[in-house]
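The values are calculated or read from the model by the stated rules, or taken from the named source; none is laboratory data. As the structure is a computational prediction, the values presented were derived from the model and not from experiment. Here the Cβ positions follow ideal geometry from the backbone for every residue, glycine too, while neighbour counts run over all protein chains shown.
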Number of protein chains: 2
Amino acid sequence: MATTETATDERLIRQLIDEWAKALRSKDISAVMAAYTPAFVAFDLAPPLQVRGTEAHRKGFEAWFPSFDGPIGHETHQLSITVGENVAFSHCLNRITGKRTDGEHTDVWVRATVGFRKIGGRWLVAHEHVSVPFYMDGSDKAAVDLKP
Amino acid sequence: MATTETATDERLIRQLIDEWAKALRSKDISAVMAAYTPAFVAFDLAPPLQVRGTEAHRKGFEAWFPSFDGPIGHETHQLSITVGENVAFSHCLNRITGKRTDGEHTDVWVRATVGFRKIGGRWLVAHEHVSVPFYMDGSDKAAVDLKP
């Protein structure tokens, strides 16, 4: 694939990630969902192990968004995008912050890996994997206190 | 990309995943490491947030393998591979089992997402993300008890 095509595709994917993050910050569920393929599969921060299809994923956002009092803070760091002709993947570290309705303040770094497909000339998210590691010291505690 | 090429690439990637899993089960570190690109980045089950480069990833296996008394059980389930010309990604659920040297018996389902690059005609693993979700009930416990 020509270098200029790769550069264009990388720019388009970066734009898709930026638009998705902007939609998430403002809790705009329709705009968030516009990023996904219908056959989308998510491995998310909260159980279950996997979520299949956009309908189930939307329900996850509908439950999560109202737990924030106001907008959600979402920064993308160390983004790496590997682009092929119609398939790409990215990985990055995201910082999620915000005031929760229960009074808690969230400030957590998560790892995000995304699989993209170009369908009808447009890049979409086919797969998303977001997680934190966990401490293997017998506590099995999620490592929500790590910083890069 | 022609359908026959896609089918061949998917078969080669499936073979790479199978060989990697076989090497892991028998704790053959050199064979495990043969799957990775030098610039490999891992988001692993245990901290830190990310591991950059094969040298650091090898150290992780060198610490983890001896915690099993005998071979490691590793099954791949619900494998989905999305193949492009020189870039691909996969996701699956893996069951890890085995007797630990501390007497515990491990039996855990994890989510695995892998990013592949075809370099010099050979598919390699450029990125790996393995995780379990965690319970958002205030306990922040890793969900090591989930089954698909």
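Restricted to the stretch A:1-46, and to residues that are touching a residue at least 40 places away in the same chain (Cβ under 8 Å) and β-branched (Val, Ile, Thr), which residue is nearest to A:Ala88 (Cα to Cα)?
A:Ile13
For (1) buried (at least 18 other Cβ atoms within 10 Å of the Cβ); (2) more than 7 Å from chain A (Cβ to nearest Cβ); (3) over 16 Å from the mean Cα position of the chain (by Cα), each residue gets a yes or a no:
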| site | (1), (2), (3) |
| --- | --- |
| B:His91 | yes, no, no |
| B:Thr101 | no, yes, yes |
| B:Glu104 | no, yes, yes |
| B:Phe116 | yes, yes, no |
| B:Ile119 | no, yes, yes |
| B:Glu128 | yes, yes, no |
| B:Asp145 | no, yes, yes |
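Test each condition in (1) out of contact with any Gly (no Cβ under 8 Å at 6 or more places or on another chain); (2) more than 8 Å from chain A (Cβ to nearest Cβ) for B:Pro71 and report the one that comes out false.
In the conditions (1) out of contact with any Gly (no Cβ under 8 Å at 6 or more places or on another chain); (2) more than 8 Å from chain A (Cβ to nearest Cβ), B:Pro71 misses (1) alone.
Tally time: how many residues in the stretch B:17-37 are buried (at least 20 other Cβ atoms within 10 Å of the Cβ) and part of a helix (DSSP H, G or I)? Write out each step before concluding.
To start, the set of residues in the stretch B:17-37 that are buried (at least 20 other Cβ atoms within 10 Å of the Cβ) comprises B:17, B:20, B:24, B:32, B:35-36.
Within this subset, residues satisfying the condition of being part of a helix (DSSP H, G or I) are B:17, B:20, B:24, B:32.
Residues flagged as buried (at least 20 other Cβ atoms within 10 Å of the Cβ) and part of a helix (DSSP H, G or I) within the stretch B:17-37 amount to 4.
Sort out which residues of the stretch B:78-89 are within 14 Å of the chain's Cα centre (by Cα) and surrounded by 18 or more Cβ atoms within 10 Å (Cβ to Cβ), and write them in order of number.
Across the stretch B:78-89, the qualifying residues are B:Ile81, B:Phe89.
With respect to A:Phe61, is the statement that it is under 16 Å from B:Gln78 (Cβ atoms) and within 14 Å of the chain's Cα centre (by Cα) true? Walk me through it before giving the result.
Numbers: under 16 Å from B:Gln78 (Cβ atoms): no; within 14 Å of the chain's Cα centre (by Cα): yes.
No: the conditions fail for A:Phe61.
If B:Pro48 satisfies all but one of (1) under 20 Å from B:Glu10 (Cβ atoms); (2) at pLDDT 95 or above, what's the number of the condition it fails?
Going through the list (1) under 20 Å from B:Glu10 (Cβ atoms); (2) at pLDDT 95 or above, B:Pro48 breaks only (1).
What number goes with the only condition from (1) buried (at least 16 other Cβ atoms within 10 Å of the Cβ); (2) closer than 26 Å to A:Ile81 by Cβ; (3) among the hydrophobic types (A, V, I, L, M, F, W, C) that B:Ala56 does not pass?
Unmet condition: (1).
Among the listed residues A:Gly120, A:Gly115, which satisfies the condition of being at positive phi and of a type outside the set (A, V, I, L, M)? Please lay out each step first, then the result.
Numbers: A:Gly115 fails: at positive phi.
Selected residue: A:Gly120, the only one of A:Gly120, A:Gly115 that is at positive phi and of a type outside the set (A, V, I, L, M).
Under 6 Å between Cβ atoms, which residue pairs at least 6 apart in sequence (or on different chains) link something in the stretch B:100-113 that is within 12 Å of B:His74 (Cα to Cα) and touching a residue at least 40 places away in the same chain (Cβ under 8 Å) with a partner that is among the β-branched types (Val, Ile, Thr) and surrounded by 18 or more Cβ atoms within 10 Å (Cβ to Cβ)?
Qualifying pairs under 6 Å: B:Val110/B:Val130; B:Val110/B:Val132.
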